[in-house]
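Inspection log for the structure reproduced underneath, given as structure tokens.
Each value in this text was obtained by applying a stated rule to the coordinates, not by laboratory testing. Computed from a prediction, not measured in an experiment: that's the story for all the values here. Counting neighbours? That spans all protein chains shown, and the Cβs are built from the backbone with ideal geometry, glycine included.
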Amino acid sequence: MDPQGTLLNSWSAVWVVLSEDGLEFYKKKTDRSPKGMIPLKGAKLLSPCQDFPKKTLVFKITSEKKQDHFFQASYVEEREFWVKDIKRAITCLEGGKRFARKSTRRSIRLPEVNLSDLYMQMKDQDSGIREIKLEQNNRLFSYCFTGVTVVEWMISNEKARNRPEALVLAVGLMNEGFLQPADDTSKEAAEGGEQTTFLDDTKALYYFADSGFFCEGYSSDEDVLVKEEFRGNIIKQGCLLKQGHKRKNWKVRKFILRDDPAYMHYYDPSKGEDPLGSIHLRGAVVTAVEFVPDAKKYDIDGNLFEIITAEETHYFLQAATSEERKEWIKAIQVASKSGK
């Protein structure tokens with residue numbers, strides 16, 4: 001469980017042991033001497049604790065000397081189990097009886113894992129969690145994954161021994177901002193529903209904080225696809241020459257640059273309003289270049305620049321003048337560092 005520290009309202013994972021007259025907590029399971037002990041004689045227990053309205057997994061023990069101690073469980077069942085046993089222990093002490101339970105050394109062990117390192121391993125392109133598209137409730141979520149995927153990845157990669165331990169790590173990653181809730185189900189849990197703040201569920205969707213996540217939804221009124229990527233403010237638009245990915249030929253395309261989320265959509269200027277494609281600019285790199293691989297010299301008039309997306313897709317573009325090229329590069333650089 002996680003007790004609250006006195007500095008900066010911080011929480012830390014501990015190994016908790018319920019004895020017949022107190023609650024002992026250790027920094028880790030293998031420690032011989034406890035880090036501290038809360039006497040239960042004359043103590044009162046409050047669950048759920050209203051001191052943290054958004055954290056329904058927190059319960060409070062107030063000692064006879066009026067000292068408050070806060071504990072946060074990993075999920076509802078764990079909180080209820082501890083509350084039940086601690087209340088029994090307090091009741092036994094009040095009645096002069098002895099509380100004994102063979103299975104009191106039963107807490108979730110938080111593995112010794114650096115959350116930042118764990119996050120980088122989860123994002124590894126070869127051995128990490130695969131970001132995919134998932135459709136749910138008439139909405140399409142891109143660059144995301146399920147809560148079950150996170151839990152099973154941790155177990156299969158020996159980051160946790162079981163699902164409850166994996167949940168502890170997942171909650172830690174959420175608290176540190178590495179993992180973000182993507183859909184309504186995961187958002188409600190993260191905001192303090194009656195379940196754990198992270199859901200081991202195929203219907204709960206999550207995404208990496210610095211990924212290319214975006215969501216597309218269908219309007220309930222018009223059944224029209226409303227894309228998140230079109231919601232940003234237009235910060236620049238105009239025509240550029242774009243090299244095709246397959247034939248490598250150059251064609252005039254109208255580009256519209258938006259921020260938050262950062263996207264460039266390109267259109268055939270002689271046709272309708274539907275874009276031919278989009279370039280996701282979050283984390284992209286844009287630079288001026290002097291030549292283009294696989295391009296014929298007579299197709300190049302200069303003023304070239306290249307966009308390399310976070311997914312390492314290359315786009316080669318030509319502006320009409322050197323000044324226009326500078327303006328596009330500057331605008332794209334600004335957009336790529338803002339929004340999602």
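Can you tell me how much longer the chain between residue 285 and residue 313 gets when fully stretched, taken as 0.36 nm per residue apart minus their C-alpha distance, in nm with one decimal?
Working: separation 28, 0.36 × 28 = 10.08 nm, distance 1.05 nm.
In short, 9.0 nm is gained.
Using 1/(1 + (r/R0)^6) with R0 = 25 angstrom and r between the beta carbons of residue 114 and residue 187, what's the FRET efficiency to the nearest 0.05?
Working: r = 27 Å, r/R0 = 1.07.
It comes out at approximately 0.40.
Do me a favour and compute the ellipsoid semi-axes for the range 115-217 from its Cα gyration tensor, root of five times each eigenvalue, largest one first, whole Å. All intermediate terms of the calculation are to be shown ahead of the outcome.
Values: eigenvalues 78, 53, 28 Å².
After diagonalising the Cα gyration tensor, the semi-axes are 20, 16, 12 Å.
For the range 231-337, give the magnitude of the charge dipole about the Cα centre (Cβ charges: +1 Lys/Arg, -1 Asp/Glu; no others), in debye to the nearest 20.
Around 160 debye, computed over the range 231-337.
Check the straight Cα-Cα distances from residue 254 and name the lysines below 21 Å, setting aside those fewer than 8 residues away within the same chain. Once the sequence-local lysines are set aside, what remains near residue 254 is 227, 236, 242, 246, 271, 326, 330.
Report the residues of the range 61-101 in range of a label on residue 46: point 7 Å along Cα→C-beta, backbone N strictly under 15 Å from it. What the label zone holds, given the 15 Å backbone N cut-off, is 61-72.
The stretch between residue 148 and residue 327, if pulled fully straight at 0.36 nm per residue, gains 59.9 nm over its current Cα-Cα span. Taking label positions 7 Å along the Cα-Cβ direction at both residue 251 and residue 29, the computed distance is 6.1 nm, reported to one decimal.
Modelled label positions at residue 126 and residue 21, each set 7 Å beyond Cα in the direction of Cβ, lie 5.8 nm from each other.
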